[in-house]
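The numbers here are math on the coordinates, done by the rules we state, and not lab data. Everything numeric here is computed off the predicted structure, so don't read it as measured data. Ideal geometry is used to build each Cβ from the backbone, glycine not excepted, and the neighbour counts take in all protein chains shown.
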Amino acid sequence: MAFAISVLVAIASCIGLAASFIQPPLDLHELYRIANWTRTAGFWFLGSYLIAGFTFLGAAGTSTTVKTSDWESRGLKVIFMVCFLVVMFSPHTYVYPEAAGWITKSKAGTFSISSDVAKEYLWRAVRMWSAIPLSLSLLVIAFTREFTRQAPH
């Protein structure tokens, strides 16, 4: 079940990442709804993967070890590094609509921004919240695949 859910999350995350780079023409309010939905889904997937991981470790005990092949290990490391860089170089600022336009809120303060800047910030949010579940779901896919291979039958 974890494998199937993680494959679906990985597919959805890849679609979100691709869209954030292609940036199809959308109404700014629609993009705002998509960015909010992506952030909410990303938080839920992050939390559920963490809970599931700790639950599995607690249920399995300390004797659980799973070894991946060299090429899978290198591939996962590259994917994690790319996702990490995407998150790190996509500075996240909170953007929301206001009656007179768009507002951004960060540690520096609250500022009025143009529609073009709001669009860029919203696509960055979609990119970041797609990269995080993608890396986690790929880890779960690799883990469950290797775990089922190495499990005693």
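Just to be sure I understand, how many residues within the range 15-35 are assigned to a helix (DSSP H, G or I) and exposed (fewer than 14 other Cβ atoms within 10 Å of the Cβ)?
Counting residues in the range 15-35 that are assigned to a helix (DSSP H, G or I) and exposed (fewer than 14 other Cβ atoms within 10 Å of the Cβ) gives 7.
When you scan the range 37-51, how many residues do you find that are surrounded by 16 or more Cβ atoms within 10 Å (Cβ to Cβ) and either touching an Asp or Glu at 6+ places or on another chain (Cβ under 8 Å) or more than 17 Å from ILE5 (Cβ to Cβ) (or both)?
Looking only at that region, the number is 2.
Using the structure shown, decide if VAL126 is free of Cβ contacts under 8 Å to residues at least 60 places away in the same chain and assigned to a helix (DSSP H, G or I). Outline the logic, then answer.
Details: free of Cβ contacts under 8 Å to residues at least 60 places away in the same chain: no; assigned to a helix (DSSP H, G or I): yes.
So VAL126 does not fit the description; no.
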